[in-house]
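For reference, the structure is listed below as structure tokens.
The values are calculated or read from the model by the stated rules, or taken from the named source; none is laboratory data. From a predicted model like this one, the values you see are computed outputs, not experimental measurements. Glycine gets a Cβ as well: all are built from the backbone with ideal geometry, and neighbour counts include every protein chain shown. Surface accessibility is based on the protein's heavy atoms, side chains included, excluding ligands, DNA and RNA. Shrake-Rupley method; radii C 1.70, N 1.55, O 1.52, S 1.80 Å.
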Amino acid sequence: MPAPTRSAGWSTESRLSAELSSNLSNVKPITKLDYDPPVSDAKAIIAPHAGYSYSGPTAAWAYAAIPTDKVKRVFLLGPSHHAYLAGVALSTFDAYETPVGDISLCKKTISDLRDTGIFSDMKHSVDEDEHSLEMHLPYIRHVFKDRDDLRLVPILVGHPSRDTSDKLSEVLAKYWQDEETFFIISSDFCHWGTRFSCTPYYPNAPPPPNPVPPVPDEPHSAAYEPPTLIKRFSSKDANPDVPIWKSIQFMDHEGMDLLKKPAEFGASEKWEAYLDRTKNTICGRNPITVLVNLIQYIYGDKTSTVDKDQRHHYHRSEEFNSATHPEFTFVRYEQSSKCKSGSDSSVSYVSGILRVPGHRQS
């Protein structure tokens, strides 16, 4: 199929390219996080997909980390915003057009994935309208410059069953092990406000224990106790010392902290329990879950939860060791606005880099 045009309202190639370059030029090393892009042992990123005026500067911190020199294939996983999707779906196009250049899709990989029977095909209208994929394309094309050997594998993630999720991990594992393949997870974080039907509030939210820049590192009480979450904000519950945006900030950091070591035993269950408890409207929670499940499948102790005759299906490595297993480094956190009243709204944006010690894309 011919390439759909993914313009997203951008004006001209030169202006968009200048905006992307400006965002990337503002990315600086963070010594305490051992972040000095490009990151040679990076294997995946989480980056936002809102309009560039909102989330573009945040996304740059993730895209700057990609070790593009040897990456030839990119898997882009995004949530479905406009069409209900029970499982996972593939594109039927040959390429995507963007104002900064075309991106060819990896037809061989897509065909092989389709042959597994796990995936459906996106309708053309769904593929063309899905901004969780669209908003990443200019950044991908820009950071890989004019490389004509780059191939993209877009995957739309809906609500896959447990059985489909398990099969998906098995299928994706071989691509993860390819040193020339990189994974991009498209997700914004908390969508707070009545228009999102999401107004949880921590009236006693402390400062995040592991603040992501530019959130300041504030002193904590030695006797830490998890704060109580109120499901729906009301003015009578408001604590003047904890504005809503600080509560959102704490809740988002809870999620990021849980994702930092996705290979640890129970990481997937803890992530899903967090989503269930907080109801945090992380729109890319399902693509993130796909990644966490994949990491658990390859590196984690999944065999403890399955029958002995199933154990040969799982890729087992050595006993868990944080020195040899993937870890997320979150390098940027922003909010579209600072909510102070129940009538306000905001969306949170996060950039995270999944690093695999010993893995070098250089």
List the lysines whose alpha-carbon lies under 24 Å from that of Lys246, not counting same-chain residues fewer than 8 positions away?
Lys32, Lys231, Lys236, Lys260, Lys270, Lys279, Lys338, Lys340
Can you give the relative contact order of the range 1-151 as a percent, counting alpha carbon pairs under 8 Å and 6+ residues apart?
33
Multiply the residue gap between Ser341 and Thr116 by 0.36 nm, knock off their C-alpha separation, and tell me the result in nm, one decimal place.
76.1 nm
How large are Rg and Dmax for the chain when only the alpha carbon atoms are used, in Å?
20.0, 60
Which FRET efficiency, nearest 0.05, do Ser234 and Leu33 yield, Cβ-Cβ r, R0 35 Å?
0.40
Among DSSP beta bridges lying fully in the chain, give the percent that are antiparallel, nearest 5.
50
For Thr324 and Lys123, FRET efficiency with R0 = 51 Å and r from the beta-carbon atoms, rounded to 0.05?
0.75
The chain: relative contact order as a whole-number percent, Cα under 8 Å and 6+ apart:
25
When a/c is below 1.5 the answer is rounded, else prolate if a/b is larger than b/c, else oblate, so apply that to the range 48-89 with a ≥ b ≥ c taken from the square roots of the Cα gyration tensor eigenvalues.
oblate
What part of the accessible area of the chain, given as a whole %, is carbon or sulfur when the probe is 1.4 angstrom?
49
In square angstrom, what is the accessible area per residue of the chain with a 1.4 angstrom probe?
44
May I ask you to list the lysines whose Cα is less than 16 Å away from that of Lys167, ignoring any residue fewer than eight positions away on the same chain?
Lys302
Check cross-link reach from Lys70 to the lysines: straight Cα distance under 23 Å, and skip same-chain residues fewer than eight apart.
Lys28, Lys43, Lys107, Lys108, Lys145, Lys174
